[in-house]
Amino acid sequence: MIPKGALIGLVSGIIIAALFGIFLLSMINQAPVLVYVDGPSLSIITEKTNFKIGEDIVIKIVNSGTVPLKFSDSSYELRIIGLDGRMLFSPQSAQVISILQPKEEKMFVWDQTKSNGERIIEGRYKIVSNALQDNGKILEKSLTINIFK
């Protein structure tokens, strides 16, 4: 027979571990927090980092700095890249200079299809955007997301 104290400790440990696991899972799936900074800054925001396959993904490109950012096209150089480096998707866009003012954001919705129309498979993907700063340097930002069945 198991002593009463050991049984209480075992049951309490299981319950606490389950609650802590649920807490950690909720923390992992939270979207990054947007922080505004002085100077040039680019942010990519999604509502969460874990998505189900086929779910629409809302992507926000945000100027989180205090100076305007320039982009070489109307899609704000948004790209979805596999972790192997291959570009899978980029929205169709006009080749015009686009400006994103401080605290301004542009929203895109990705339906998890590649540029050639094929559906993607489950895995990890990077959402990437590049801006051109006034000094000629490129400011790149990326965000990794997970897609599960």
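What the table below lists for this structure:
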{"read-out": "Single match in Ile61, Ile15 (criterion: β-branched (Val, Ile, Thr) and at pLDDT 95 or above)", "value": "Ile61"}
{"read-out": "Meets criteria (β-branched (Val, Ile, Thr) and within 19 Å of the chain's Cα centre (by Cα)) for Ile81", "value": "yes"}
{"read-out": "Residue within region 94-103 that is modelled with pLDDT under 95, out of contact with any helix residue (DSSP H, G or I) (no Cβ under 6 Å at 6 or more places or on another chain), within 23 Å of Val33 (Cα to Cα) and charged (D, E, K, R) present", "value": "yes"}
{"read-out": "Wholly within region 54-94, strands (runs of 3 or more DSSP E) carrying at least 3 residues that are free of Cβ contacts under 8 Å to residues at least 60 places away in the same chain, under 17 Å from Asn116 (Cα atoms) and hydrophobic (A, V, I, L, M, F, W, C)", "value": "87-89"}
{"read-out": "Among residues of region 105-123, those that are under 20 Å from Ser43 (Cα atoms) and either loosely packed, with under 13 Cβ neighbours inside 10 Å or aliphatic (A, V, I, L, M) (or both), counted", "value": "2"}
{"read-out": "Residues within region 115-129 that are of a type outside the set (A, V, I, L, M, F, W, C), within 19 Å of Ser74 (Cα to Cα) and at pLDDT 95 or above, tallied", "value": "1"}
{"read-out": "Members of region 110-128 found to be out of contact with any Phe, Trp or Tyr (no Cβ under 9 Å at 6 or more places or on another chain), of a type in the set (Val, Ile, Thr) and in a strand (DSSP E or B), listed by number", "value": "Val128"}
{"read-out": "Test result for Lys52, farther than 23 Å from Val33 by Cα and in the same structural domain as Ile138 (by TED's automatic domain parsing)", "value": "no"}
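Conditions tested, residue by residue: (1) surrounded by fewer than 17 Cβ atoms within 10 Å (Cβ to Cβ); (2) β-branched (Val, Ile, Thr).
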{"position": "Ile53", "(1), (2)": "yes, yes"}
{"position": "Ser64", "(1), (2)": "no, no"}
{"position": "Lys70", "(1), (2)": "yes, no"}
{"position": "Ala94", "(1), (2)": "yes, no"}
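The values are calculated or read from the model by the stated rules, or taken from the named source; none is laboratory data. Just so it is clear, the model here is predicted, and its values are computed rather than measured. Quick reminder, even Gly has a Cβ in these numbers, built from the backbone with ideal geometry, and neighbours come from all protein chains shown.
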